[in-house]
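Reviewing the structure listed below.
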Amino acid sequence: MTSSRTNPDGSTDPEGLSDPEGLTGSAAWELLLPAVSTPARTRGRSLQAALREAVRSGRLAPGTRLPSSRDLAADLGVSRGLVTEAYEQLTAEGYLRSDRGAGTWVSGAVRAARPRARDLAPRSPGARVDFVPGTPDLSLFPRAAWAAAQRGVLAESPHDLLGYPDPRGLPRLRTALAELLARRRGVVADPERLIVVSGVAQATALLGFVLHARGMRTVGVEDPGSPQHDALYASSGVGTVPLPLDDEGLAIGPLRASGVRAVVVTPAHQFPTGIAYSARRRAQLLDWARSVDGLVFEDDYDGDFRYDRAPVGALQGLDPEHVAYAGSVSKSLAPGLRLGWLLVPESLADEVVERKRTMDLGHPTLDQALFARFLERGDYDRQLRRCQRAYRQRRDTLVAALEEHFPGAEVTGIAAGLHVIAELPEKYGPQDDFLERAASAGVAMRPLTAYAHARADDAVVRLVLGYAHLSPGRIRAGVRLMAGARHTDGL
């Protein structure tokens, strides 16, 4: 007959089922010998960590009885005090239970869970060629210059740099950024109204919270436009109102009729259509903002990259009191740096800075000092020129490949940025069928309709093709695959 016993946590198990598979005999050596073979000064912590992990992983199940501290110490060849301390520590943490005279047991409060770290970074799994826009060429990141700047910052920075920063950002970086933006983008850049942020996404969220606090519940967005705006504004309690575009930019009539008092635009190179706002439309947009005492939020996501002429200056330079301006290094250096800037009207500055302070207490100071040095030494200008040359070549390669393999295809939008809009001849439609065939060939891409709020006619194939992250060879190979070519050399 098999007897049973009651554990200290109230559970019962058949006599002999918990003990033999617990920390007795050879099991103790298997689980804990590596821990007690560490140097003496760390042996106690290592033993505690090994026991803790055995309970977390489920190898020591709830209700398992552990050997006495004397027996386990003898098995492991360590002092009894070391084992006693480990038992006491894990009992205090709730991993073990111990009743006087009843021994030490694995607590029933612990739920075994296999630790795992998933990678949720956006990717196109299984694609042989990925034309999804938005990513720069990460191999162009200036590792040597960045490392040199990092060494310089670590060597020269005072200790107080590592303290809590001004939530706006280091004065050194804001000063360098103001000079850069005034020189390259024509903005009216006051360092006192410049806030260093974790990319344009945080700039968007910050403004959303401030507008919500001022009573605004809706913000106008371009349609088609960035799909991220809806979720970013929703996180701050603000809804989005899609507003149509025409050939000159955001259509003013629907904007006035919408009743919104804030709107998000990409005037230098509209995403995703690729148009540049006309001078007339820029003036009309500012007239609207003044008439409603509103705000234009200018997302200058790739304003430095224009290939047919000098970039058009930022809209903010025309009316800094009605335009908030944001940019980042996500297209010029790497999105993983999470480094950007937000320049706000004076009337909003204090509220935005306070929201930034409560959100994260400021951007990492070493990253700020590093980027400031990178700007001051001219490294960032050199990086922009390097990217400009590479991306212009890749755009030319893509346009030529489309002309060769899709005769009659039309590439629209200005020669700028990191993507093109390609409208294919009717024989390649309908669009959904074409996308399915391309995906089967291993080509990842998105249609223009993926960025529109309203469902558009998809009989015609209109594609948003990103090229900056692809070598010329992969661009040509990808277009061949799109066209059904059998040759895959260069992949």
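A few points about this structure:
- None of S236, S258, S226 is under 13 Å from W288 (Cα atoms) and touching a residue at least 12 places away in the same chain (Cβ under 8 Å) except S258.
- The residue of the stretch 306-323 that is surrounded by the most Cβ atoms within 10 Å (Cβ to Cβ), among those that are more than 27 Å from the chain's Cα centre (by Cα), more than 20 Å from L285 (Cα to Cα) and not hydrophobic (A, V, I, L, M, F, W, C), is Y307.
- Any hit, the stretch 200-211, residues being at pLDDT 95 or above and not in a helix (DSSP H, G or I): no
- Residue list for the stretch 77-106, filter: surrounded by 20 or more Cβ atoms within 10 Å (Cβ to Cβ) and either modelled with pLDDT under 90 or at positive phi (or both): none
- Just one of the listed residues (T358, T412, T365) is of a type in the set (S, T, Y) and over 27 Å from V263 (Cβ atoms), namely T365.
- From A155, A127, A117, A147, residue being within 20 Å of the chain's Cα centre (by Cα) and of a type in the set (A, V, I, L, M): A117
- Residues located in the stretch 344-386, provided they are part of a loop (DSSP other than H, G, I, E, B), open to solvent by 40 Å² or more (accessible area, probe 1.4 Å) and of a type outside the set (K, R): L361, P364
- Leading residue by the ranking (farthest from G466 (Cα to Cα)) among those in the stretch 257-298 that are open to solvent by 20 Å² or more (accessible area, probe 1.4 Å) and acidic (D, E): D293
- The number of residues in the stretch 158-177 that are buried (at least 17 other Cβ atoms within 10 Å of the Cβ) and more than 24 Å from T358 (Cα to Cα) comes to 1.
- When residues of the stretch 119-151 are limited to those that are among the polar types (S, T, N, Q) and outside any helix (DSSP H, G or I), the one nearest to F305 (Cα to Cα): T135
- Residue among V188, V196 that alone is assigned to a loop (DSSP other than H, G, I, E, B) and closer than 15 Å to A326 by Cα: V188
- Condition check for L138: surrounded by fewer than 16 Cβ atoms within 10 Å (Cβ to Cβ), in contact with a helix residue (DSSP H, G or I) (Cβ under 9 Å, 6 or more places away or on another chain) and either touching a residue at least 40 places away in the same chain (Cβ under 8 Å) or at negative phi (or both): yes
- Candidate set: the stretch 296-322, residues that are of a type in the set (A, V, I, L, M, F, W, C) and over 18 Å from L250 (Cβ atoms); chosen: the one modelled with the highest pLDDT: F305
- Within the stretch 217-256, the set of residues being under 23 Å from the mean Cα position of the chain (by Cα) and surrounded by fewer than 14 Cβ atoms within 10 Å (Cβ to Cβ) comprises Q228, A231, A234, S235, G237, G239.
- Top-ranked residue in the stretch 56-76 [being in a helix (DSSP H, G or I) and under 44 Å from the mean Cα position of the chain (by Cα); ranked as surrounded by the most Cβ atoms within 10 Å (Cβ to Cβ)]: R56
- Check on D166, in a loop (DSSP other than H, G, I, E, B) and at pLDDT 95 or above: yes
The values are calculated or read from the model by the stated rules, or taken from the named source; none is laboratory data. Since this is a predicted model, take the numbers as computed values, not measurements. A quick note on method: Cβ atoms are made from the backbone with ideal geometry, for glycine too, and the neighbour counts reach across all protein chains shown. Accessible surface areas use protein heavy atoms only, side chains included; no ligands, DNA or RNA. Shrake-Rupley method; radii C 1.70, N 1.55, O 1.52, S 1.80 Å.
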